[in-house]
Amino acid sequence: MLKRFFSYYKPYKKLFILDFGCATIAAVLELAFPIVVNQVIDKIMPQKNWTLIIVACLSLLFFYMVNTVLQYIVVTFGHKLGVNIETDMRRDLYAHIQKQSFEYYDNQKTGKLISRLTTDLFEISEVAHHGPEDIFITIMTLVGAFVLMMDIHVQLAIATSILVPFITIALVVFNKKMTKVNTEIYDNLGEFNAGIEASVSGVRVVQSFTNEAYERERFESLNQLYRQSKLKFYQVMGVSSSYNYFLIRLISLFALIFGAFYTIRGEITYGQFVGFILLSNVFIRPIEKVNNMIESYPKGIAGFKRFAKEIDTPSKIQGRPDAQELVGVEGHITYENVSFSYSDGTKVLENISLAIKPGETVAFVGPSGAGKTTLCNLLPRFYEVTSGSVKVEDRDIRDYTLESLRGNIGIVQQDVFLFPGTLRENVAYGDLSASEEAIDQAIKLAHLEQVVEEMPEGLNTVVGERGVKLSGGQKQRVAIARMFLKNPPILILDEATSALDTETEQVIQESLLSLAAGRTTLIIAHRLATIQQADRIVVVNTQGIVEEGSHKELLAKDGAYKKLYDAQFRD
């Protein structure tokens with residue numbers, strides 16, 4: 001774990017050396033101050049030479065000025081180091097999450113993922129900055145101050161530092177406890193964020209069912225759970241802080257009592273006594289940092305453990321080392337003995353075999369839960385087959401790079417996701433390098449022109465979160481315009497018109513027919529009226545593919561398709 005953590009320092013070696021070096025020099029200068037005071041009292045003051053006293057004071061002033069600059073460097077560039085490391089970890093985590101399969105997202109809550117990308121990594125910045133230097137400087141200062149105190153008086157030094165082992169034990173014990181509590185806090189915060197995200201995203205459903213009171217009660221439950229975790233943390237921290245505070249003050253008290261005793265006995269001078277008191281303050285200063293370490297380090301450690309656990313979650317969609325680019329696609333698709341099951345063992349597809357010719361339009365129909373959408377989602381590798389293979393151009397899709405495979409496949413879904421930007425940005429998402437002419441042409445082909453004209457700011461109109469300012473039909477046209485820009489040779493239409501009214505559906509259907517022209521097209525549909533012109537209709541149920549043929553052929557068979565047709569068009 002440590003090796004993994006410190007690997008993030010590699011790109012910032014110079015910054016780390018600058019921060020660590022300045023912090024070390026500053027700590028050494030702090031040790032020098034009590035020695036200078038000792039010399040001023042015992043050697044310079046008895047001479048009553050003001051020139052030497054002023055020179056000594058000016059020297060101390062110089063040391064303070066140097067230390068001021070060093071402190072600025074440590075705080076500014078040290079935190080820059082921490083923020084850089086936090087940023088790199090967040091970048092790695094985001095890239096890792098992007099590679100995950102649909103099944104991964106099926107089992108995750110959005111709020112939890114957001115928590116891992118934000119809150120979990122906040123404290124890592126502080127640990128990355130302060131961790132190595134605090135530990136090193138604490139040890140160095142303790143050893144350095146103790147050696148200098150020993151040089152003044154051995155018994156006095158031992159009497160003063162005898163409580164340090166008790167503080168060390170407390171550090172280990174409380175650090176372990178607070179790391180455990182912080183892990184609970186992060187878990188509860190993930191649930192808390194997920195609950196808020198769901199409640200806010202579904203506010204329209206909440207209000208339509210007048211379930212505000214229920215949601216407030218559920219929110220309060222999550223709120224209290226998070227509160228209890230935080231209180232538990234601060235309770236442990238309170239015991240730790242009080243314990244360390246008492247021991248630290250005992251060290252100061254021991255230094256004063258025993259120092260006075262040995263001074264009165266004449267074993268040390270007054271200058272040595274004052275210098276020893278100052279050294280004891282330097283000695284306890286890093287110990288006082290222990291309280292801060294116990295508060296922040298467990299948070300950072302817990303955050304990094306969760307980060308590491310997430311990074312170690314392998315993606316089920318893995319690219320092969322020798323994968324090649326998919327180019328020159330005609331659209332020949334083959335499913336060979338394909339089976340698919342979820343990780344919990346739930347079977348969806350079993351031994352499915354199907355061949356689709358280039359440019360052919362194939363529609364999949366059947367009851368909900370039969371695996372129609374899953375069958376199509378296997379093609380762009382949103383899910384990975386459990387057994388068998390899916391081929392494009394007679395080659396297993398796993399032999400192609402994921403980016404080139406998905407780049408040749410376009411998907412228009414029933415539930416269109418729009419980003420909270422402008423209409424232009426959402427259309428241009430199909431091809432981020434598209435020219436204005438290409439965007440205008442895509443809008444025309446998708447029958448989106450009138451929608452743009454009616455918008456207050458045309459293409460620059462902000463569509464709101466998830467496109468809330470657009471109707472279902474308008475969002476579908478944006479999705480189709482995107483696809484015209486992408487211009488893929490293979491197209492998947494996943495119930496793209498099932499949620500629309502008849503008039504809007506006809507307009508969208510015209511756009512989809514125009515989009516499908518010249519492409520290999522896979523259509524998932526419940527409304528059989530929309531797929532009667534398909535080259536082939538495949539009927540899927542829980543047993544697999546039970547029928548396939550044209551609309552007329554399947555009606556003539558008087559089988560599963562005929563039953564679905566009669567159920568929809570019965571008077």
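List the lysines whose Cα lies under 28 Å from the Cα of residue 563, skipping any in the same chain that are fewer than 8 positions away. Here the lysines satisfying the reach criterion relative to residue 563 are 347, 357, 372, 552.
DSSP assigns beta bridges within the stretch 333-569; of those with both partners inside it, close to 50 percent run antiparallel. About its Cα centre, the dipole of the stretch 12-311 is roughly 160 debye, where the only charges are +1 on Lys and Arg Cβ and -1 on Asp and Glu Cβ. Sorted ascending by nearby beta carbons within 10 Å, beginning with the fewest, 297, 8, 105, 243 become 105, 243, 8, 297.
Here's the list of aspartates and glutamates a cross-link from residue 230 could span, going by alpha-carbon distance under 16 Å and ignoring same-chain residues fewer than 8 apart: 120, 123, 184, 187, 191, 220, 295.
A cut-off of 5 Å between modelled amide H atoms, ignoring neighbours fewer than 5 places along the same chain, links residue 361 with 521, 535, 536. For residue 408, no residue has an amide H sitting under 5 Å from its own, ignoring neighbours fewer than 5 places away on the same chain, with H placed 1.01 Å from N. The three principal axes of the C-alpha atoms in the stretch 12-311 carry coordinate ranges of 89, 38, 30 Å, sorted with the longest axis first. Each peptide in 483-489, 417-423, 344-350 receives the mean, over its residues, of other Cβ atoms within 10 Å, and ordering these scores from highest gives 483-489, 417-423, 344-350.
Derived scalar couplings between HN and Hα for the stretch 393-405 equal 6, 6, 9, 3, 4, 6, 7, 9, 5, 4, 5, 6, 4 Hz in order, rounded to whole Hz, by the Karplus curve 6.51 cos²θ - 1.76 cosθ + 1.60 (θ = phi - 60°), x for Gly and Pro. Assuming a ≥ b ≥ c are the square roots of the Cα gyration tensor eigenvalues, decide whether the stretch 378-450 counts as rounded (a/c under 1.5), prolate (otherwise, with a/b larger than b/c) or oblate. Prolate shape, in that a/c is at least 1.5 and a/b is the bigger ratio.
Computed over the chain, the per-residue total of -39500 (n - 2.57) for DSSP H runs of n ≥ 4 gives a 222 nm mean residue ellipticity of -21000 deg cm²/dmol, rounded to 500. Each of 465, 86, 184 was scored by other Cβ atoms within 10 Å of its Cβ. Listed from fewest to most, they are 465, 184, 86. On a straight-distance basis, which lysines could pair with residue 232 in a cross-link, Cα separation under 30 angstrom, same-chain partners fewer than 8 positions away excluded? Those lysines meeting the cut-off are 109, 112, 176, 177, 180, 289, 299, 305, 309. Shown here is the pair-distance distribution of the chain: with all Cα-Cα distances grouped in 20 Å bins from zero up to the longest one, the shares run 16, 35, 25, 16, 8, 1, 0 percent.
Working note: Karplus 6.51/-1.76/1.60 with θ = phi - 60° gives the stretch 341-348 the couplings 9, 6, 4, 7, x, 5, 7, 10 Hz, where Gly and Pro are set to x.
Taking the average, over residues, of other Cβ atoms within 10 Å as the packing measure, peptides 451-462, 119-130 rank 119-130, 451-462 from highest down. The HN-Hα couplings worked out from phi for the stretch 63-73 by the Karplus form 6.51 cos²θ - 1.76 cosθ + 1.60 (θ = phi - 60°) are 4, 5, 5, 4, 5, 4, 5, 4, 5, 4, 4 Hz, whole numbers, x standing for Gly and Pro.
Taking the average, over residues, of other Cβ atoms within 10 Å as the packing measure, peptides 14-24, 49-59 rank 14-24, 49-59 from highest down. Across q = 0.10, 0.19, 0.20, 0.21 Å⁻¹, the stretch 1-104 modelled as identical point scatterers on its alpha-carbon atoms has Debye log10 I(q)/I(0) values of -0.50, -0.95, -1.00, -1.05, in the order of the q list. Neighbour counting of Cβ atoms within 10 Å sorts the residues 309, 444, 109, fewest neighbours leading, into 309, 444, 109. For the Cα trace of the stretch 333-569, dividing Rg by the Kirkwood Rh returns an Rg/Rh value of 0.98.
Where a number appears in this text, it was derived from the coordinates with a stated rule and is not lab data. This structure is a prediction, so every number in the text was calculated from the model and none was measured. We place every Cβ from the backbone using ideal geometry, glycine too, and count neighbours over all the protein chains shown.
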